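What follows is a set of notes on a single structure, which appears directly below.
The values are calculated or read from the model by the stated rules, or taken from the named source; none is laboratory data. Treat the numbers as computed from the prediction; the structure is a model and nothing was measured. Virtual Cβ from ideal backbone geometry, glycine too; neighbours counted across all protein chains shown.
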Amino acid sequence: MSRPLVAAALFLFAWICYLPGNMGCSDSMWSIPTAVSLVDDHDADLDEHLPILRARGFVFTQQVNGHFYTIYPWGTSIMAAPAVVVLRPLAAGVRRYTPSLWTRLEAIQAARGCPPVASEPIISLHSWTEHLVASTIVAATAVIVFFIAAREVPLGGAAAVSLLFAFGTSAWSTASRSLWQHGPSMFLLALALLIQLRGGRLIWVGLLLAFAYVVRPTNAIPLAAAAGWVLLSRPRELPAFLLGVAVVLGLFAWSNVRVYGAWLSPYYRPGFYSRNAFIAEALAGDLMSPGRGLFIFSPIFLLSPVGFIMRIVSRRLTLLDLSLAGCVAVHWIAIAATNGNWWGGDSYGPRFFTDLLPYLTYFLLPVFGWMASARGVKFGIAAAGVSVLGGLSVAIHAQGALNGATAEWNAYPTSISFDPVRLWDWHRPQFLAGITFTPAPVPPVDLNILACNAPPGVPGMPFVVENNRGTVVLRWDPAPGPVAVYVMDVGTRPGLSDEPPREARDVLRPSVTARRVPPGTYYVRVRARNRCGDGPSSPELAVTVP
């Protein structure tokens, strides 16, 4: 079978397999409305979608000079714009001529946690639109990975590598689920890598990597690495590379100045991100935690360092290899050091590594190339090892793509943003949610267990028992009267309650323990509750976490 036929079969197979399963409707919710605005009005503002903005409480948006915009980069919406042109009449036709199918699509979207909104068809079912576009982009990326692999391994091995990329990584469980930045990002990085490997014109590499930065700012790392690679390996072509970069970034800066009055939008500025006080934990967690570890969710990538070492041993290590390995290392450090939310919020597995999946997959090629020439026992052992690691990777990401319980794991029994210690829970890891256990919220306190004639009295002022390395333990004297539960209000300024409240259910020796608390000063108050109501708050305590 020829390469084009294999590539077409891989694309179709991946795209069809991506259609079932979970869909996203949170951070990416404005990607399709923004794409519609780009097509209709040639701008990125969301003013024409004001009813939806109001219905959603203007979440994930910002107001600039009287106009509303998504807080996230526009690059993904720019890439989705051609798909909007194609899908728009199809969506309108489905709603008009096959209302039963339309109702079915609405029901599926609602069942997957994304209620339809009142708007034109392509926006009303925006989660379906996102899902279709994202699936197409990720399936196309799998094809690019196939052509990259086919340069080094036989056709069958290249197809296997492509399928491992498509189904054994976050390409399936994250990038294909909704139109986040990750799918377009890895598509652009993979295409640029294919051109680099083929010795193609570097103006295209510059264009692609610069636009990858427009899609996601962490792609400044591959862009800088590619510039260094060009300077050292193909210096005469540096002007062409820089021209491609300048064209994209020039237009990017011009559009930002027009809208924001600055070269960069807020999302690209350092102030948008918070320094992580737990860098060591993040570095380890991004690789090995049962909640977000790259090597736990895609154990096939344990072979990527092996592939890199094989290139060194065989003296086939190139400047491009060093550039790509450097990208992975710097990216790993950057996502750990510059993001207090190192686990990527409510997501599945190592979301922050999704963009660099083409590079991680590239370093699997020496292993597959060696297997193609191995014989006998060596081949049998290697094939068994790859099969086990690959099978586990596919099974784990099938969980994230198809099992809704894995999404619920982020919230239950407590939110991981509120209790990130759960990311290290080997007893109830995210990839086993819905199999060995069912995520469920903590049952509410039964306020009727105690008789009362009035709310409780004032609790004692909280006092610090421990304040060390992000762990804070507070206690207080019980309130007079019958108490069913204590509620601690937390704020970042006096009198505020802008942090999640915490409960204390031991009413005889009430205390609250908070872990992984970022540095800062917090103001806490405690109130007691029974079925007659909430009592007065305690005096406020200021706690400074170093």
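Observations on the model:
- Selection status of E499, in contact (Cβ under 8 Å) with a residue 24 or more places away in the chain, closer than 30 Å to W343 by Cβ and acidic (D, E): no
- Only a single criterion out of (1) touching a residue at least 40 places away in the same chain (Cβ under 8 Å); (2) of a type in the set (V, I, T); (3) part of a loop (DSSP other than H, G, I, E, B) is not satisfied by V59, namely (1).
- For segment 12-45, a residue qualifies if it is over 12 Å from W74 (Cα atoms) and in a loop (DSSP other than H, G, I, E, B), and the qualifying residues are L19, P20, G21, N22, M23, G24, C25, S26, H42.
- Residue check, G326 outside the structural domain of G157 (by TED's automatic domain parsing) and at pLDDT below 95: no
- Residue-level check: of (1) closer than 27 Å to S347 by Cα; (2) modelled with pLDDT of 95 or more; (3) buried (at least 16 other Cβ atoms within 10 Å of the Cβ); (4) of a type outside the set (K, R), L38 misses just (1).
- Selection from segment 376-394 of residues that are on the phi < 0 side of the Ramachandran plot, surrounded by fewer than 21 Cβ atoms within 10 Å (Cβ to Cβ) and of a type outside the set (A, V, I, L, M): K378, F379, G380, G385, S387, G391
- Whichever residue in segment 305-350 is of a type in the set (K, R) and touching a Pro at 6+ places or on another chain (Cβ under 9 Å) and, among such residues, is surrounded by the most Cβ atoms within 10 Å (Cβ to Cβ): R311
- Among (1) touching a Pro at 6+ places or on another chain (Cβ under 9 Å); (2) surrounded by fewer than 17 Cβ atoms within 10 Å (Cβ to Cβ); (3) hydroxyl-bearing (S, T, Y) - the single one S373 does not satisfy: (1)
- Single unsatisfied condition, V512 versus (1) of a type in the set (V, I, T); (2) under 22 Å from N453 (Cα atoms); (3) under 31 Å from the mean Cα position of the chain (by Cα): (2)
- Leading residue by the ranking (farthest from S28 (Cα to Cα)) among those in segment 323-353 that are part of a helix (DSSP H, G or I) and free of Cβ contacts under 8 Å to residues at least 60 places away in the same chain: A325
- Every residue from segment 90-114 that is within 28 Å of the chain's Cα centre (by Cα) and either modelled with pLDDT of 90 or more or surrounded by fewer than 12 Cβ atoms within 10 Å (Cβ to Cβ) (or both): A91, L105, E106, A107, A111
- Restricting segment 195-218 to residues that are among the charged types (D, E, K, R) and without any contact (Cβ under 8 Å) to a residue 60 or more places away in the chain leaves a set whose member that is farthest from L356 (Cα to Cα) is R201.
- Restricting segment 480-528 to residues that are among the polar types (S, T, N, Q) and outside any loop (DSSP other than H, G, I, E, B) leaves a set whose member that is farthest from V458 (Cα to Cα) is T521.
- Residue satisfying all of: in segment 339-359; under 27 Å from F308 (Cα atoms) and of a type outside the set (F, W, Y); farthest from the chain's Cα centre (by Cα) among these: P358
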